[in-house]
1. Stretch A:L167-A:E327 to full length: gain in nm at 0.36 nm per residue minus the Cα-Cα span?
2. Looking only at other chains, what is the average number of their beta-carbon atoms within 10 angstrom of each beta-carbon in A:76-83?
3. Under the Karplus relation 6.51 cos²θ - 1.76 cosθ + 1.60, θ = phi - 60°, what is the ordered set of whole-Hz ³J(HN,Hα) values for the range A:15-25, x standing for Gly and Pro?
4. Across peptide B:4-10, what mean number of C-beta atoms from other chains lies inside 10 Å of a residue's C-beta?
5. To the nearest 500 deg cm²/dmol, what mean residue ellipticity at 222 nm is calculated for the protein assembly as shown from DSSP H runs of n ≥ 4 alone, each contributing -39,500 (n - 2.57), summed and divided by the residues?
6. Can you give the mean number of other chain Cβ atoms that lie within 10 Å of the Cβ atoms in peptide A:8-16?
7. Taking just the alpha-carbon atoms of the range A:318-458, what radius of gyration and Dmax come out, in angstrom?
8. Please determine, in degrees from 0 to 90 and to the nearest 10, the orientation of helix B:30-40 with respect to the longest principal axis defined by the Cα atoms of chain B, where the helix direction is its Cα long axis.
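The values are calculated or read from the model by the stated rules, or taken from the named source; none is laboratory data. Owing to the predicted nature of the structure, the values given are computational and were not obtained by experimental measurement. Note that we place each Cβ from the backbone using ideal geometry, even for glycine, and neighbour counts take in every protein chain shown. Protein only, heavy atoms only, side chains kept; ligands, DNA and RNA dropped before computing areas. Shrake-Rupley method; radii C 1.70, N 1.55, O 1.52, S 1.80 Å.
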Amino acid sequence: MEVMSLIIQISYFVTAVLFIMGLKRMSHPTTARSGIVWAGWGMVLATVVTFLHPEIAGNYLLMIIAIVAGGAIAWWTGKRVAMTDMPQMIAIYNGMGGGAAGAIAAVELVKGGDHHTFIVFLAVLGALIGTVSFSGSCVAWAKLQGVMKKVIRFPGQQKVNLIVFGLMVLLGLIITFYPHLGAFWILLFFLLALAFGYMMAVPIGGADMPVIISLFNAFTGLAVAFEGFVLNNPALIIAGTVVGSAGTLLTQLMARAMNRPISNVLFSSFGEGGGPAMEVTGTMKGMEPMDAAVQMCYASRVVIVPGYGLAVAQAQHKVWELAELLEERGVEVKFAIHPVAGRMPGHMNVLLAEAGVPYDKIFDLEEINNEFGSTDVSLVIGANDVVNPVAKTDPNSPIYGMPILNVDESRNVLVIKRGQGAGFSGIENALFFLDNTHMVYGDAQKVTAALIQHVKTL
Amino acid sequence: MIEAFIYVYIFMLAGFVGYEVIGRVPVILHTPLMSGSNFVHGIVLVGAMVVLGQADTTLEKAIGFIGVFLGAGNAVGGYVVTERMLEMFKSSKGK
(Lines give C-alpha, C1' and ligand atoms only; values in the text may rest on other atoms or scores of the structure.)
Protein backbone atom coordinates (compact mmCIF):
# COMPACT_ATOMS: atom_id res chain seq x y z
CA MET A 1 0.00 0.00 0.00
CA GLU A 2 2.90 2.34 0.81
CA VAL A 3 4.32 1.83 -2.66
CA MET A 4 0.92 2.41 -4.19
CA SER A 5 0.57 5.75 -2.39
CA LEU A 6 4.01 6.78 -3.60
CA ILE A 7 3.18 5.90 -7.21
CA ILE A 8 -0.06 7.89 -6.96
CA GLN A 9 1.62 10.93 -5.43
CA ILE A 10 4.38 10.91 -8.07
CA SER A 11 1.76 10.61 -10.81
CA TYR A 12 -0.20 13.55 -9.43
CA PHE A 13 3.03 15.54 -9.34
CA VAL A 14 3.76 14.72 -12.98
CA THR A 15 0.18 15.65 -13.86
CA ALA A 16 0.55 19.05 -12.19
CA VAL A 17 3.77 19.69 -14.14
CA LEU A 18 2.13 18.62 -17.43
CA PHE A 19 -0.86 20.89 -16.75
CA ILE A 20 1.27 23.96 -16.07
CA MET A 21 3.59 23.37 -19.02
CA GLY A 22 0.60 22.60 -21.20
CA LEU A 23 -1.05 25.90 -20.30
CA LYS A 24 2.24 27.69 -20.93
CA ARG A 25 2.47 26.15 -24.39
CA MET A 26 -1.17 26.94 -25.07
CA SER A 27 -0.45 30.65 -24.66
CA HIS A 28 1.69 30.79 -27.82
CA PRO A 29 0.29 30.09 -31.32
CA THR A 30 3.13 27.87 -32.53
CA THR A 31 3.11 25.54 -29.52
CA ALA A 32 -0.59 25.78 -28.61
CA ARG A 33 -1.56 22.48 -30.23
CA SER A 34 1.05 20.50 -28.32
CA GLY A 35 0.01 22.23 -25.09
CA ILE A 36 -3.42 20.66 -24.98
CA VAL A 37 -1.94 17.26 -25.81
CA TRP A 38 0.50 17.52 -22.89
CA ALA A 39 -2.31 18.50 -20.53
CA GLY A 40 -4.39 15.65 -21.96
CA TRP A 41 -1.75 13.06 -21.07
CA GLY A 42 -1.62 14.53 -17.57
CA MET A 43 -5.34 13.96 -17.22
CA VAL A 44 -5.14 10.37 -18.49
CA LEU A 45 -2.31 9.57 -16.07
CA ALA A 46 -4.13 11.06 -13.06
CA THR A 47 -7.38 9.28 -13.91
CA VAL A 48 -5.78 5.88 -14.42
CA VAL A 49 -3.71 5.87 -11.22
CA THR A 50 -6.71 7.03 -9.20
CA PHE A 51 -8.28 3.61 -9.75
CA LEU A 52 -5.45 2.29 -7.54
CA HIS A 53 -6.09 4.91 -4.83
CA PRO A 54 -5.96 3.16 -1.40
CA GLU A 55 -8.87 5.23 -0.08
CA ILE A 56 -11.21 3.82 -2.72
CA ALA A 57 -13.05 0.88 -1.19
CA GLY A 58 -15.38 -0.14 -4.00
CA ASN A 59 -18.02 1.04 -6.44
CA TYR A 60 -15.60 0.49 -9.35
CA LEU A 61 -18.38 -0.54 -11.71
CA LEU A 62 -20.44 2.58 -10.94
CA MET A 63 -17.31 4.65 -11.45
CA ILE A 64 -16.57 3.18 -14.86
CA ILE A 65 -20.18 3.54 -16.00
CA ALA A 66 -20.20 7.21 -14.92
CA ILE A 67 -16.90 7.95 -16.67
CA VAL A 68 -17.90 6.21 -19.88
CA ALA A 69 -21.35 7.81 -19.94
CA GLY A 70 -20.17 11.35 -19.12
CA GLY A 71 -17.14 11.05 -21.36
CA ALA A 72 -19.06 9.62 -24.33
CA ILE A 73 -21.75 12.29 -24.24
CA ALA A 74 -19.16 15.06 -23.97
CA TRP A 75 -17.04 13.50 -26.74
CA TRP A 76 -20.00 13.21 -29.06
CA THR A 77 -21.29 16.73 -28.47
CA GLY A 78 -17.80 18.25 -28.53
CA LYS A 79 -16.95 16.64 -31.88
CA ARG A 80 -20.05 17.77 -33.70
CA VAL A 81 -20.59 21.30 -32.34
CA ALA A 82 -20.13 24.03 -34.94
CA MET A 83 -17.27 26.46 -34.39
CA THR A 84 -19.77 29.32 -34.07
CA ASP A 85 -21.41 27.55 -31.12
CA MET A 86 -18.13 26.98 -29.29
CA PRO A 87 -18.69 29.56 -26.49
CA GLN A 88 -21.81 27.88 -25.17
CA MET A 89 -20.14 24.45 -25.28
CA ILE A 90 -17.28 25.78 -23.16
CA ALA A 91 -19.91 27.17 -20.78
CA ILE A 92 -21.69 23.85 -20.38
CA TYR A 93 -18.49 21.78 -19.86
CA ASN A 94 -17.40 24.35 -17.32
CA GLY A 95 -20.73 24.07 -15.55
CA MET A 96 -20.26 20.30 -15.37
CA GLY A 97 -16.94 20.81 -13.57
CA GLY A 98 -18.61 23.16 -11.10
CA GLY A 99 -21.37 20.62 -10.54
CA ALA A 100 -18.80 17.88 -9.92
CA ALA A 101 -17.09 20.06 -7.28
CA GLY A 102 -20.50 20.64 -5.70
CA ALA A 103 -21.19 16.89 -5.71
CA ILE A 104 -17.89 16.14 -3.96
CA ALA A 105 -18.77 18.63 -1.25
CA ALA A 106 -22.31 17.25 -0.98
CA VAL A 107 -21.08 13.70 -0.32
CA GLU A 108 -18.53 14.92 2.22
CA LEU A 109 -21.17 17.02 4.02
CA VAL A 110 -23.77 14.23 4.02
CA LYS A 111 -21.17 11.79 5.36
CA GLY A 112 -20.41 14.21 8.18
CA GLY A 113 -17.28 12.58 9.58
CA ASP A 114 -14.95 14.33 11.98
CA HIS A 115 -13.36 16.98 9.78
CA HIS A 116 -11.77 20.05 11.30
CA THR A 117 -14.14 23.06 11.18
CA PHE A 118 -11.80 24.84 8.77
CA ILE A 119 -11.95 21.90 6.35
CA VAL A 120 -15.76 21.85 6.57
CA PHE A 121 -15.69 25.57 5.88
CA LEU A 122 -13.62 25.00 2.70
CA ALA A 123 -15.97 22.21 1.62
CA VAL A 124 -18.96 24.55 2.03
CA LEU A 125 -17.18 27.40 0.24
CA GLY A 126 -16.21 25.14 -2.66
CA ALA A 127 -19.77 23.79 -2.79
CA LEU A 128 -21.15 27.31 -2.94
CA ILE A 129 -18.83 28.52 -5.71
CA GLY A 130 -19.07 25.31 -7.72
CA THR A 131 -22.86 25.15 -7.56
CA VAL A 132 -23.26 28.81 -8.50
CA SER A 133 -20.93 28.16 -11.44
CA PHE A 134 -23.02 25.13 -12.43
CA SER A 135 -26.41 26.84 -12.62
CA GLY A 136 -24.95 30.10 -13.95
CA SER A 137 -23.14 28.27 -16.76
CA CYS A 138 -26.34 26.44 -17.66
CA VAL A 139 -28.09 29.80 -18.02
CA ALA A 140 -25.18 31.11 -20.13
CA TRP A 141 -25.50 28.05 -22.37
CA ALA A 142 -29.26 28.46 -22.70
CA LYS A 143 -28.92 32.12 -23.63
CA LEU A 144 -26.21 31.69 -26.24
CA GLN A 145 -27.95 28.65 -27.68
CA GLY A 146 -31.12 30.75 -28.02
CA VAL A 147 -33.16 28.47 -25.73
CA MET A 148 -33.60 31.35 -23.31
CA LYS A 149 -34.05 34.58 -25.20
CA LYS A 150 -35.25 37.15 -22.72
CA VAL A 151 -33.09 39.26 -20.45
CA ILE A 152 -35.11 39.08 -17.25
CA ARG A 153 -34.99 42.20 -15.13
CA PHE A 154 -37.41 43.51 -12.55
CA PRO A 155 -37.33 46.39 -10.07
CA GLY A 156 -35.55 45.55 -6.85
CA GLN A 157 -33.78 42.63 -8.51
CA GLN A 158 -30.49 43.41 -6.85
CA LYS A 159 -32.15 43.46 -3.43
CA VAL A 160 -33.67 40.04 -4.05
CA ASN A 161 -30.27 38.79 -5.21
CA LEU A 162 -28.67 40.21 -2.09
CA ILE A 163 -31.25 38.47 0.14
CA VAL A 164 -30.71 35.11 -1.58
CA PHE A 165 -26.95 35.61 -1.31
CA GLY A 166 -27.23 36.49 2.39
CA LEU A 167 -29.41 33.45 3.15
CA MET A 168 -27.02 31.19 1.24
CA VAL A 169 -24.00 32.48 3.18
CA LEU A 170 -25.86 32.25 6.50
CA LEU A 171 -26.92 28.67 5.85
CA GLY A 172 -23.37 27.86 4.72
CA LEU A 173 -22.00 29.14 8.02
CA ILE A 174 -24.60 27.19 10.01
CA ILE A 175 -23.63 23.99 8.19
CA THR A 176 -19.96 24.77 8.82
CA PHE A 177 -20.36 25.07 12.56
CA TYR A 178 -23.13 22.47 13.03
CA PRO A 179 -22.23 19.85 10.41
CA HIS A 180 -24.56 17.19 11.82
CA LEU A 181 -27.85 19.05 11.36
CA GLY A 182 -28.99 16.66 8.65
CA ALA A 183 -29.52 16.35 4.95
CA PHE A 184 -32.50 18.73 4.78
CA TRP A 185 -30.40 21.81 5.57
CA ILE A 186 -27.66 20.73 3.20
CA LEU A 187 -30.23 20.30 0.44
CA LEU A 188 -31.67 23.73 1.17
CA PHE A 189 -28.18 25.22 0.99
CA PHE A 190 -27.56 23.69 -2.44
CA LEU A 191 -30.94 24.84 -3.71
CA LEU A 192 -30.14 28.41 -2.66
CA ALA A 193 -26.76 28.21 -4.41
CA LEU A 194 -28.46 26.94 -7.59
CA ALA A 195 -30.96 29.79 -7.38
CA PHE A 196 -28.26 32.38 -6.87
CA GLY A 197 -26.23 31.18 -9.88
CA TYR A 198 -29.38 31.37 -11.97
CA MET A 199 -30.20 34.87 -10.78
CA MET A 200 -26.65 36.05 -11.29
CA ALA A 201 -26.59 35.07 -14.96
CA VAL A 202 -30.17 35.69 -15.99
CA PRO A 203 -30.06 39.53 -16.21
CA ILE A 204 -26.93 39.51 -18.36
CA GLY A 205 -27.23 40.25 -22.07
CA GLY A 206 -25.65 38.23 -24.87
CA ALA A 207 -22.83 40.70 -25.54
CA ASP A 208 -21.52 40.38 -21.99
CA MET A 209 -21.86 36.58 -21.81
CA PRO A 210 -18.21 35.78 -22.61
CA VAL A 211 -17.06 37.72 -19.56
CA ILE A 212 -19.49 35.78 -17.39
CA ILE A 213 -18.45 32.43 -18.87
CA SER A 214 -14.84 33.29 -18.17
CA LEU A 215 -15.73 34.34 -14.62
CA PHE A 216 -17.58 31.07 -14.00
CA ASN A 217 -14.54 29.24 -15.40
CA ALA A 218 -12.37 30.89 -12.73
CA PHE A 219 -15.07 30.05 -10.14
CA THR A 220 -15.00 26.37 -11.02
CA GLY A 221 -11.21 26.38 -10.74
CA LEU A 222 -11.41 27.77 -7.22
CA ALA A 223 -14.17 25.35 -6.23
CA VAL A 224 -12.02 22.44 -7.43
CA ALA A 225 -9.06 23.76 -5.43
CA PHE A 226 -11.14 24.01 -2.23
CA GLU A 227 -12.46 20.46 -2.64
CA GLY A 228 -8.82 19.47 -3.16
CA PHE A 229 -8.07 20.73 0.36
CA VAL A 230 -10.97 18.68 1.69
CA LEU A 231 -9.78 15.51 -0.04
CA ASN A 232 -6.09 16.17 0.69
CA ASN A 233 -5.41 15.97 -3.04
CA PRO A 234 -2.58 18.20 -4.31
CA ALA A 235 -3.47 17.62 -7.99
CA LEU A 236 -6.88 19.22 -7.43
CA ILE A 237 -5.41 22.05 -5.34
CA ILE A 238 -2.74 22.98 -7.90
CA ALA A 239 -4.81 22.58 -11.08
CA GLY A 240 -7.80 24.31 -9.51
CA THR A 241 -5.80 27.25 -8.21
CA VAL A 242 -3.90 27.73 -11.46
CA VAL A 243 -7.19 27.85 -13.36
CA GLY A 244 -8.72 30.09 -10.71
CA SER A 245 -6.04 32.75 -11.11
CA ALA A 246 -5.52 32.32 -14.86
CA GLY A 247 -9.30 32.54 -15.31
CA THR A 248 -9.49 35.70 -13.23
CA LEU A 249 -6.78 37.30 -15.38
CA LEU A 250 -8.53 36.23 -18.59
CA THR A 251 -11.80 37.68 -17.31
CA GLN A 252 -10.07 40.99 -16.65
CA LEU A 253 -8.43 41.00 -20.09
CA MET A 254 -11.78 40.36 -21.77
CA ALA A 255 -13.59 43.01 -19.75
CA ARG A 256 -10.83 45.50 -20.55
CA ALA A 257 -11.05 44.71 -24.28
CA MET A 258 -14.77 45.53 -24.12
CA ASN A 259 -14.17 48.59 -21.95
CA ARG A 260 -16.67 47.18 -19.46
CA PRO A 261 -15.54 46.88 -15.83
CA ILE A 262 -16.56 43.51 -14.42
CA SER A 263 -18.79 45.21 -11.85
CA ASN A 264 -20.70 46.89 -14.70
CA VAL A 265 -21.18 43.58 -16.46
CA LEU A 266 -22.59 42.03 -13.31
CA PHE A 267 -24.75 44.82 -11.97
CA SER A 268 -26.00 46.99 -14.82
CA SER A 269 -27.54 46.25 -18.14
CA PHE A 270 -25.95 47.24 -21.40
CA GLY A 271 -27.17 50.55 -22.75
CA GLU A 272 -28.63 51.80 -19.47
CA GLY A 273 -28.20 55.46 -18.47
CA GLY A 274 -26.76 58.30 -20.52
CA GLY A 275 -28.68 60.98 -22.36
CA PRO A 276 -30.20 60.93 -25.83
CA ALA A 277 -27.85 59.65 -28.52
CA MET A 278 -26.41 62.11 -31.03
CA GLU A 279 -28.36 62.42 -34.29
CA VAL A 280 -26.65 60.61 -37.12
CA THR A 281 -26.93 62.62 -40.33
CA GLY A 282 -26.36 61.73 -43.95
CA THR A 283 -27.60 58.88 -46.08
CA MET A 284 -26.49 55.32 -46.68
CA LYS A 285 -25.24 54.79 -50.21
CA GLY A 286 -25.59 51.44 -51.85
CA MET A 287 -23.07 49.89 -54.26
CA GLU A 288 -23.25 46.92 -56.61
CA PRO A 289 -20.83 44.02 -56.03
CA MET A 290 -19.33 44.67 -59.48
CA ASP A 291 -18.20 48.19 -58.54
CA ALA A 292 -16.99 47.00 -55.16
CA ALA A 293 -14.87 44.33 -56.86
CA VAL A 294 -13.31 46.93 -59.14
CA GLN A 295 -12.47 49.15 -56.20
CA MET A 296 -10.68 46.32 -54.41
CA CYS A 297 -8.82 45.02 -57.47
CA TYR A 298 -7.16 48.35 -58.09
CA ALA A 299 -6.31 49.03 -54.46
CA SER A 300 -2.81 48.48 -53.18
CA ARG A 301 -3.94 47.62 -49.69
CA VAL A 302 -7.21 46.08 -48.49
CA VAL A 303 -8.08 45.43 -44.86
CA ILE A 304 -10.89 42.99 -44.16
CA VAL A 305 -12.82 43.51 -40.92
CA PRO A 306 -14.91 40.43 -40.13
CA GLY A 307 -17.63 40.35 -37.48
CA TYR A 308 -20.07 37.83 -36.10
CA GLY A 309 -22.37 38.35 -39.09
CA LEU A 310 -19.70 36.69 -41.24
CA ALA A 311 -19.67 33.63 -39.03
CA VAL A 312 -23.46 33.38 -38.97
CA ALA A 313 -23.51 33.47 -42.79
CA GLN A 314 -20.71 30.83 -42.84
CA ALA A 315 -18.81 33.09 -45.25
CA GLN A 316 -15.32 32.68 -43.81
CA HIS A 317 -14.16 30.22 -46.53
CA LYS A 318 -15.44 32.47 -49.30
CA VAL A 319 -13.77 35.51 -47.73
CA TRP A 320 -10.42 33.74 -47.63
CA GLU A 321 -10.87 32.72 -51.28
CA LEU A 322 -11.51 36.37 -52.14
CA ALA A 323 -8.42 37.45 -50.17
CA GLU A 324 -6.26 34.89 -52.01
CA LEU A 325 -7.55 36.09 -55.40
CA LEU A 326 -6.76 39.69 -54.51
CA GLU A 327 -3.28 38.70 -53.34
CA GLU A 328 -2.64 36.97 -56.66
CA ARG A 329 -3.26 40.32 -58.28
CA GLY A 330 -0.70 41.96 -56.03
CA VAL A 331 -3.07 43.54 -53.53
CA GLU A 332 -1.86 43.47 -49.95
CA VAL A 333 -4.63 41.91 -47.84
CA LYS A 334 -4.81 41.94 -44.04
CA PHE A 335 -7.45 40.86 -41.57
CA ALA A 336 -8.24 43.18 -38.67
CA ILE A 337 -9.90 41.66 -35.65
CA HIS A 338 -11.46 43.53 -32.80
CA PRO A 339 -10.91 41.87 -29.41
CA VAL A 340 -14.64 41.22 -29.00
CA ALA A 341 -15.41 40.25 -32.59
CA GLY A 342 -17.40 37.05 -32.55
CA ARG A 343 -19.00 35.99 -29.32
CA MET A 344 -15.83 35.81 -27.25
CA PRO A 345 -12.35 37.34 -27.47
CA GLY A 346 -10.39 35.26 -29.96
CA HIS A 347 -13.51 33.53 -31.27
CA MET A 348 -13.20 35.22 -34.68
CA ASN A 349 -9.59 34.06 -34.95
CA VAL A 350 -10.77 30.51 -34.45
CA LEU A 351 -13.41 30.93 -37.16
CA LEU A 352 -10.88 32.37 -39.63
CA ALA A 353 -8.37 29.67 -38.75
CA GLU A 354 -11.07 27.11 -39.56
CA ALA A 355 -11.27 28.61 -43.06
CA GLY A 356 -7.50 28.27 -43.44
CA VAL A 357 -6.48 31.89 -42.93
CA PRO A 358 -2.91 31.82 -41.56
CA TYR A 359 -2.65 33.57 -38.20
CA ASP A 360 0.15 35.88 -39.35
CA LYS A 361 -2.31 37.63 -41.70
CA ILE A 362 -4.59 38.42 -38.77
CA PHE A 363 -3.94 41.56 -36.77
CA ASP A 364 -5.08 42.87 -33.41
CA LEU A 365 -6.64 46.24 -32.86
CA GLU A 366 -3.40 47.77 -31.55
CA GLU A 367 -1.30 46.28 -34.31
CA ILE A 368 -3.38 47.61 -37.18
CA ASN A 369 -5.23 50.67 -35.95
CA ASN A 370 -2.73 53.27 -37.17
CA GLU A 371 -2.52 51.58 -40.59
CA PHE A 372 -6.08 52.43 -41.63
CA GLY A 373 -4.99 55.93 -42.76
CA SER A 374 -2.86 54.33 -45.48
CA THR A 375 -5.47 51.72 -46.45
CA ASP A 376 -7.28 52.06 -49.78
CA VAL A 377 -10.27 49.86 -49.04
CA SER A 378 -11.60 48.54 -45.75
CA LEU A 379 -14.08 45.73 -46.27
CA VAL A 380 -16.40 45.37 -43.27
CA ILE A 381 -18.29 42.09 -43.25
CA GLY A 382 -20.96 41.55 -40.63
CA ALA A 383 -19.26 43.81 -38.07
CA ASN A 384 -21.07 46.78 -36.62
CA ASP A 385 -20.49 48.19 -33.15
CA VAL A 386 -16.74 47.51 -33.23
CA VAL A 387 -16.30 49.91 -36.18
CA ASN A 388 -18.77 52.56 -35.00
CA PRO A 389 -17.02 55.93 -34.69
CA VAL A 390 -19.59 57.23 -32.18
CA ALA A 391 -17.57 55.28 -29.60
CA LYS A 392 -15.01 58.07 -30.03
CA THR A 393 -17.30 61.05 -30.55
CA ASP A 394 -20.57 60.68 -28.63
CA PRO A 395 -20.25 60.63 -24.81
CA ASN A 396 -23.94 59.71 -24.52
CA SER A 397 -23.56 56.53 -26.53
CA PRO A 398 -23.60 53.28 -24.53
CA ILE A 399 -20.48 52.19 -26.37
CA TYR A 400 -18.64 55.47 -25.75
CA GLY A 401 -15.06 54.77 -24.73
CA MET A 402 -14.95 51.27 -26.21
CA PRO A 403 -11.82 50.93 -28.34
CA ILE A 404 -12.84 50.54 -31.98
CA LEU A 405 -11.13 49.76 -35.26
CA ASN A 406 -10.52 53.10 -37.00
CA VAL A 407 -12.05 51.95 -40.27
CA ASP A 408 -13.46 55.45 -40.85
CA GLU A 409 -9.91 56.70 -41.47
CA SER A 410 -9.36 54.58 -44.57
CA ARG A 411 -9.87 56.05 -48.04
CA ASN A 412 -12.84 53.87 -48.92
CA VAL A 413 -15.08 51.74 -46.79
CA LEU A 414 -17.21 48.90 -48.12
CA VAL A 415 -19.77 47.39 -45.77
CA ILE A 416 -21.48 44.12 -46.51
CA LYS A 417 -24.72 44.07 -44.57
CA ARG A 418 -28.06 42.29 -44.79
CA GLY A 419 -30.23 45.38 -44.47
CA GLN A 420 -30.41 48.87 -43.10
CA GLY A 421 -31.21 48.03 -39.45
CA ALA A 422 -29.08 48.81 -36.42
CA GLY A 423 -26.63 46.28 -34.94
CA PHE A 424 -26.64 43.77 -32.08
CA SER A 425 -26.80 46.53 -29.47
CA GLY A 426 -29.39 48.57 -31.41
CA ILE A 427 -27.09 51.56 -31.83
CA GLU A 428 -27.10 53.51 -35.10
CA ASN A 429 -23.71 53.27 -36.82
CA ALA A 430 -22.28 56.62 -37.98
CA LEU A 431 -19.74 54.82 -40.18
CA PHE A 432 -22.46 53.75 -42.62
CA PHE A 433 -23.35 57.40 -43.30
CA LEU A 434 -19.85 58.68 -44.08
CA ASP A 435 -19.08 60.08 -47.53
CA ASN A 436 -16.43 57.47 -48.27
CA THR A 437 -18.63 54.54 -47.15
CA HIS A 438 -20.65 52.38 -49.52
CA MET A 439 -23.03 49.62 -48.52
CA VAL A 440 -23.19 46.35 -50.42
CA TYR A 441 -26.50 44.86 -49.31
CA GLY A 442 -27.07 41.15 -49.07
CA ASP A 443 -26.15 37.94 -47.30
CA ALA A 444 -22.41 37.91 -46.52
CA GLN A 445 -21.82 34.59 -48.27
CA LYS A 446 -23.75 35.49 -51.43
CA VAL A 447 -22.18 38.94 -51.73
CA THR A 448 -18.70 37.51 -51.25
CA ALA A 449 -19.38 34.86 -53.88
CA ALA A 450 -20.48 37.64 -56.27
CA LEU A 451 -17.32 39.61 -55.49
CA ILE A 452 -15.19 36.53 -56.26
CA GLN A 453 -16.94 36.08 -59.62
CA HIS A 454 -16.33 39.71 -60.57
CA VAL A 455 -12.70 39.71 -59.43
CA LYS A 456 -12.09 36.60 -61.56
CA THR A 457 -13.45 38.26 -64.70
CA LEU A 458 -11.63 41.55 -64.24
CA MET B 1 -0.11 22.48 11.93
CA ILE B 2 2.82 23.05 9.60
CA GLU B 3 1.27 20.61 7.11
CA ALA B 4 -1.83 22.74 6.79
CA PHE B 5 0.37 25.73 6.08
CA ILE B 6 2.20 23.90 3.34
CA TYR B 7 -1.13 23.63 1.54
CA VAL B 8 -1.67 27.35 1.99
CA TYR B 9 1.75 27.95 0.43
CA ILE B 10 0.90 25.66 -2.49
CA PHE B 11 -2.33 27.61 -2.97
CA MET B 12 -0.47 30.94 -3.01
CA LEU B 13 2.30 29.76 -5.37
CA ALA B 14 -0.10 28.04 -7.76
CA GLY B 15 -2.10 31.27 -7.87
CA PHE B 16 0.95 33.19 -9.05
CA VAL B 17 1.82 30.46 -11.55
CA GLY B 18 -1.62 30.72 -13.13
CA TYR B 19 -1.31 34.46 -13.42
CA GLU B 20 2.20 34.37 -14.88
CA VAL B 21 1.73 31.44 -17.23
CA ILE B 22 -0.89 33.20 -19.31
CA GLY B 23 0.23 36.75 -18.58
CA ARG B 24 1.36 37.61 -22.11
CA VAL B 25 -1.14 35.63 -24.13
CA PRO B 26 -2.14 37.20 -27.47
CA VAL B 27 -5.84 37.99 -27.95
CA ILE B 28 -6.09 35.41 -30.73
CA LEU B 29 -5.64 32.65 -28.17
CA HIS B 30 -8.09 33.90 -25.54
CA THR B 31 -10.91 31.55 -26.48
CA PRO B 32 -8.77 28.42 -26.87
CA LEU B 33 -6.92 29.21 -23.66
CA MET B 34 -10.12 29.69 -21.72
CA SER B 35 -11.27 26.37 -23.11
CA GLY B 36 -7.90 24.82 -22.21
CA SER B 37 -8.05 26.03 -18.63
CA ASN B 38 -11.63 24.76 -18.56
CA PHE B 39 -10.21 21.33 -19.47
CA VAL B 40 -7.56 21.53 -16.72
CA HIS B 41 -10.12 21.90 -13.94
CA GLY B 42 -11.64 18.70 -15.26
CA ILE B 43 -9.16 17.13 -12.81
CA VAL B 44 -12.14 17.39 -10.46
CA LEU B 45 -12.96 13.98 -11.97
CA VAL B 46 -10.18 12.45 -9.85
CA GLY B 47 -11.66 13.89 -6.67
CA ALA B 48 -15.13 12.70 -7.59
CA MET B 49 -13.78 9.17 -8.21
CA VAL B 50 -12.24 9.05 -4.73
CA VAL B 51 -15.49 10.27 -3.19
CA LEU B 52 -17.58 7.73 -5.08
CA GLY B 53 -15.11 5.02 -4.07
CA GLN B 54 -15.82 5.77 -0.41
CA ALA B 55 -19.59 6.13 -0.73
CA ASP B 56 -21.68 3.73 1.41
CA THR B 57 -25.34 4.74 1.39
CA THR B 58 -27.48 4.92 -1.74
CA LEU B 59 -27.69 8.71 -1.45
CA GLU B 60 -23.90 9.05 -1.28
CA LYS B 61 -23.49 6.70 -4.21
CA ALA B 62 -26.04 8.62 -6.27
CA ILE B 63 -24.41 12.00 -5.64
CA GLY B 64 -20.94 10.51 -6.18
CA PHE B 65 -22.10 8.98 -9.45
CA ILE B 66 -23.38 12.38 -10.63
CA GLY B 67 -20.05 13.91 -9.60
CA VAL B 68 -17.99 11.43 -11.62
CA PHE B 69 -20.37 11.76 -14.57
CA LEU B 70 -20.09 15.56 -14.58
CA GLY B 71 -16.33 15.51 -13.97
CA ALA B 72 -15.79 13.13 -16.90
CA GLY B 73 -17.93 15.40 -19.07
CA ASN B 74 -15.84 18.41 -18.09
CA ALA B 75 -12.53 16.67 -18.81
CA VAL B 76 -13.47 14.96 -22.09
CA GLY B 77 -15.57 17.82 -23.47
CA GLY B 78 -12.97 20.39 -22.53
CA TYR B 79 -10.26 18.39 -24.29
CA VAL B 80 -12.22 17.74 -27.47
CA VAL B 81 -13.25 21.35 -28.10
CA THR B 82 -9.85 22.81 -27.20
CA GLU B 83 -8.07 20.36 -29.46
CA ARG B 84 -10.46 21.09 -32.32
CA MET B 85 -9.84 24.81 -32.02
CA LEU B 86 -6.06 24.63 -31.70
CA GLU B 87 -5.74 22.15 -34.55
CA MET B 88 -6.73 24.94 -36.92
CA PHE B 89 -4.04 27.42 -36.02
CA LYS B 90 -1.51 27.42 -38.82
CA SER B 91 1.11 29.91 -39.97
CA SER B 92 1.35 30.88 -43.64
CA LYS B 93 5.01 29.80 -43.59
CA GLY B 94 4.04 26.30 -42.54
CA LYS B 95 2.21 25.61 -45.78
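1. 51.4 nm
2. 4
3. 4, 4, 4, 4, 4, 5, 5, x, 4, 4, 5
4. 3
5. Rounded to the nearest 500, the figure is -20500 deg cm²/dmol.
6. Average neighbour count from other chains, rounded to a whole number: 1.
7. Gyration radius and largest Cα-Cα distance of the range A:318-458: 14.8, 47 Å.
8. The angle comes out at about 30 degrees.
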